[in-house]
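Below is one structure, written out as structure tokens; comments come after it.
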Amino acid sequence: MRLDLNLLLVIEAVMLERNVTRAAASLSMSQPAVSNALRRARKLMQDQLFLRVSDGVQPTSRMLAVWPELHRSLATIRASIAPQHFDPRTDPTGFRLSVTDSLAAEAVCAITLRLRNSSPFARVAFSFHTNAASLDGIERGTLDCAVGMFPALPRDIHVRVLRTEHYVCVMRREHALARAMTLDQFASADHVLVTPSGMDLGVVDGWLGLQGRSRTIVAVVNHFADALRIVAESDLLTCVPNGFLEGHGQELVERHELAVGALPFETEKLAYKLVWHERLHSHPAHQWFRSLVAGTCGTPAGAAL
């Protein structure tokens, strides 16, 4: 059996993009050339590999079974032939990452500008972050690294803790609970929950559950800035990381005259983590980029990014 490495590269691109046209663009090939390569790969592996769906293609069970080892092997080959010296001043490497919303407002701009200043030929692409989506992207290879809280991580994912913060409660200054608030009052109030996943429970709800309590959530939004605007015009409460308020959110707190206070029950620190896959762990360019990201997102709350 003769195996053409180019076929594996086509399979990888289609698997990552889930779309033949996008895969062709990523490989700088024509769509007919990719389709022809897929026909040869199907004959070689005696399987359809991909099935057409409304928005592209989806992998068969056979493709899903071979994908982890195939992707890992290609990454190993790339790492073994990649230059061991990385010069950010001349290298055109592209980087892909996601950053959690509470840091993104400051970090996306800072990472882009730092990369531009240090590596003028490099390219950076940001993706919308949820813990699940970012881990899936890292596993599939559509993301190089991600910054988030990640309560649980697979074995092949590396992690670096960047900084810790804590949640605070925010409301309008004229709110009846702005000066003092008990646990009973907090639990009885109506709340705005911030979660990029759209789920109805957040970190604070887990802590409340340990107290045998729950709260009423009347709105779920994806961005902390939206939650601050909502509480400024209502009697709702919201909980946000303190670092967001000391950074990008500080202007919103002052403009909308918001009150910020401690939560009336015991909580834990929030750990922001930088995560990446084993296959990129020793890659010189990605090591350099992760250091840049860590230096940006690891800046203590309140300091300039």
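The values are calculated or read from the model by the stated rules, or taken from the named source; none is laboratory data. Just so we're clear, the structure is a prediction, and the values are computed from it rather than from any experiment. Cβ placement follows ideal geometry from the backbone for every residue including glycine, while neighbour counts extend to all protein chains displayed.
The residues on offer are 160, 155, and the sole one that is in a loop (DSSP other than H, G, I, E, B) and either touching a Ser or Thr at 6+ places or on another chain (Cβ under 6 Å) or more than 26 Å from residue 220 (Cβ to Cβ) (or both) is 155.
The set of residues in the range 83-104 that are among the aromatic types (Phe, Trp, Tyr) and under 12 Å from residue 115 (Cβ atoms) contains only 95. For the range 159-180, the count of residues that are without any contact (Cβ under 8 Å) to a residue 24 or more places away in the chain, within 24 Å of residue 288 (Cα to Cα) and not assigned by TED's automatic domain parsing to the domain that holds residue 11 is zero.
Report yes if residue 54 is in contact with a helix residue (DSSP H, G or I) (Cβ under 8 Å, 6 or more places away or on another chain), under 19 Å from residue 22 (Cβ atoms) and polar (S, T, N, Q), otherwise no. So residue 54 fails the test. Checking residue 140 against (1) of a type in the set (Lys, Arg); (2) more than 24 Å from residue 274 (Cα to Cα); (3) touching a Leu at 6+ places or on another chain (Cβ under 7 Å), which single condition isn't satisfied? Result: residue 140 passes all but (2). Among the residues of the range 88-115, those identified as out of contact with any strand residue (DSSP E or B) (no Cβ under 7 Å at 6 or more places or on another chain) and surrounded by 12 or more Cβ atoms within 10 Å (Cβ to Cβ) are 88, 91, 93, 101, 104, 105, 106, 109, 110, 113, 114. Residues of the range 38-55 include at least one that is in contact with a Lys or Arg (Cβ under 7 Å, 6 or more places away or on another chain) and either of a type in the set (Phe, Trp, Tyr) or within 28 Å of residue 157 (Cβ to Cβ) (or both). Filtered by the rule that a residue be over 17 Å from residue 194 (Cβ atoms) and either more than 25 Å from the chain's Cα centre (by Cα) or part of a loop (DSSP other than H, G, I, E, B) (or both), the range 262-275 gives 262, 264, 265, 266, 268, 269.
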